[in-house]
1. At a Förster radius of 51 Å, what calculated FRET efficiency corresponds to the Cβ-Cβ distance of residue 267 and residue 54, to the nearest 0.05?
2. Multiply the residue gap between residue 322 and residue 201 by 0.36 nm, knock off their C-alpha separation, and tell me the result in nm, one decimal place.
3. So if I place +1 on the C-beta of Lys and Arg and -1 on the C-beta of Asp and Glu, and nothing else carries charge, what would the dipole magnitude of the chain be about its Cα centre? I want it in debye, nearest 20.
4. Would you calculate a helix-derived [θ] at 222 nm for the chain, using -39,500 (n - 2.57) for each DSSP H run of n ≥ 4 and dividing by the full residue count, to the nearest 500?
5. From the residues 1, 319, 136, which one has its Cα farthest along the dipole of the chain in the positive direction, the dipole being from +1 and -1 charges on Cβ of Lys/Arg and Asp/Glu about the Cα centre?
6. From Cα pairs below 8 angstrom and at least 6 apart in sequence, can you work out the relative contact order of the chain, rounded to a whole percent?
7. Listing 101, 162, 91 from the residue with the fewest other Cβ atoms within 10 Å to the one with the most, what is the order?
8. If you build a Gaussian network model of the chain, linking Cα atoms that sit under 10 Å apart, which residue out of 32, 144, 45 swings the most?
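Just so you know, all these numbers are worked out from the coordinates, no wet-lab data involved. It should be emphasised that the depicted structure is a prediction, and the values quoted were computed from it without experimental measurement. Backbone-built Cβ (ideal geometry, glycine too); neighbour counts: all protein chains shown.
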Amino acid sequence: MTPSETSLRLHQFQGLEPGPRFIVLGAVHGNETSGSQGIARVAAELDAGALELVRGTLTLLPVTNPRAYRLRQRQGDRNLNRNLRPDATPLDYEDRIARVLCPVLAAHDVLLDLHSFQSVGQAFAMIGPPDNDGSLQPFARAAEEQALVLRLGVRRIVEGWLDVYARGVQERLARTPVADRAGLLSTDPEYGVGTTEYMRRRGGYAVTLECGQHEDPAAPETAYQAIRAALAHLGMVEQAPPAPCAEPEFLRLVEVVDRLHAQDRFERPWASYDPLHTGQRVATRHDGTPVLSPLDGYIVFPNERAQPGNEWFYLARSSPRRLTA
Ligand SMILES: [Zn+2]
């Protein structure tokens, strides 16, 4: 598949009975193609009549960033999954996608966004906040989001992204003189708004599914099974809904630690979800100061190539929130 860069190819199936409006995205990051493969398989089953949509609207977007997909890289001009908003005067390629994508997302109730990741590890899902009426990310559909994520076939579930991201932005700004702020990639809490955050802002709910390592042959199957499970759970196909995951591992991101200097270095090559205990040495600053874990938990999204002034790794611990199905 070599999609055109100048258009987005949406497949839409309308059940003849009313039901949820469900959209599935693949390749928001162009080198993450397991979702595209899972989507293609579901589309082929629908075309062949092997799978019948009965209720609601299913929209499949197998390649959300066609330029990045053609280039086999994460992004075209910038990360589509940050600062996502419809802009009347787009400045770059991803802005032009967002101008089309945002109204499409807003016309749906539920989003499943399919990704994959760089390092070896098991598939996991990310969800939004509990119900709240705060200013950063007010939300009222946590119960529906939880019920969905528990049926997607993964055990590890992570929350807390936008909170921690916004707090990291505040700390980054507080320690950086105004004249130096241009060197920071991310000085605006809005920068943390991707597909799922945009969906929640527009009244929907959304799950990010990280299907496995980019090249893991099991990742397309994970993506496919998740779409099928979601369709059954949402009552859009005539199939028994899947049982919820009995023993989810539910983690909350609690802190982001920035790299401050080019000679700041990790204690060892970390992988996401490596366990940490309180006081354990995670890294060393360029002047020899140790960076110690403040908690019993896990390191998440370590990036040994982080630019100084920007996010280096996240810390997570068991979430105190109860996940009910
Ligand atoms: Zn991704």
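1. 0.40
2. Separation in residues times 0.36 nm, less the Cα-Cα distance, equals 41.3 nm.
3. Value, rounded to 20: 260 debye.
4. -7500 deg cm²/dmol
5. 136
6. Reported as a whole number, the value is 19 percent.
7. Going from least to most buried by this count: 91, 162, 101.
8. Evaluated over the chain, the most mobile residue of the options is 45.
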